């Protein structure tokens, strides 16, 4: 079947233009409607996300206050107390002198049979005072000479004559000084 249009050519052209204009208006209206819908959806999503972020922030603040009030606060206090105790210990340990070098250097100087009863160290003056008993005078003299020979670690040893008055069962005492580095 064939359709014949009997309208004049300029009227046919007008009808085509009107049809195109209606289609164009439909496209423009659909574009504006879709743009408006997207615009409204974006604003609605923005307001929703802002409200959600605000409520989440309030929940975080509430949870933090509960944590600080609850058992976590007690645990934090215990941890702080333990850290303070450790810091005090470290401070005291750093301030205490190290005796190991002195205790290694002195015993080899003591002759066999000599008994050291007292070993006093004055750290600020860097002096050592010893007293003890010896079975013979010769062992006291040998102890004195041993300390005197070790001039890399000890110096300025006193030699009281009362240490050698008795030939046997000698009670003696010496005072001498230690070099730097023996006590750190």
Distribution output for the chain: share of Cα-Cα pairs per 10 Å bin in percent, first bin at 0, values 7, 17, 11, 7, 7, 7, 7, 6, 6, 6, 5, 4, 4, 4, 2, 1
Using alpha-carbon coordinates, inclination of helix 71-95 to the longest axis of the chain, degrees: 40
According to a simple spin-label model (label point 7 Å from Cα along Cα-to-Cβ), what is the distance in nm between residue 78 and residue 155? 5.5
Say each of residue 126 and residue 46 gets a label point 7 Å from the Cα, pointing the same way as Cα to Cβ; how far apart are those two points in nm? 7.8
Treating the angle as unsigned and between 0 and 90°, give the value, to the nearest 10°, between the Cα long axis of helix 137-149 and the longest Cα principal axis of the chain. 40
Please express the Cα-Cα pair-distance distribution P(r) of the stretch 1-96 as a list of whole percents, one per 10 Å bin, running from 0 to the bin with the greatest distance. 12, 14, 12, 12, 10, 9, 8, 7, 6, 5, 3, 1
Can you tell me which of 27, 123, 165 moves the most in a GNM of the chain? Springs connect C-alpha atoms under 10 Å apart. 27
Specify whether the C-alpha gyration tensor of the stretch 3-42 places it in the rounded, prolate or oblate class, a ≥ b ≥ c being the square roots of the eigenvalues: rounded for a/c under 1.5, otherwise prolate if a/b is larger than b/c and oblate if not. prolate
Full-extension gain between residue 30 and residue 56, please, as 0.36 nm times their residue separation minus the C-alpha to C-alpha distance. 5.5 nm
For the chain, the longest principal axis of the Cα atoms and the Cα long axis of helix 9-69 enclose an angle in degrees, to the nearest 10, of 30
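For the stretch 84-153, take the convex hull of the Cα atoms, compute a quarter of its surface area, and give me that in nm², please. Before the final figure, lay out the partial values.
Working: hull surface 23.9 nm².
Projected over every direction and averaged, the Cα hull of the stretch 84-153 covers 6.0 nm².
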For the chain, calculated [θ]222 nm from helices alone, where every DSSP H run of n ≥ 4 adds -39500 (n - 2.57): -20500 deg cm²/dmol
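Bear in mind that the values in this text are calculations on the coordinates, not laboratory data. This one's a predicted model, so the numbers in the text were calculated from it and none came from an experiment. Neighbour counts run over all protein chains shown; Cβ positions are idealised from the backbone, glycine included.
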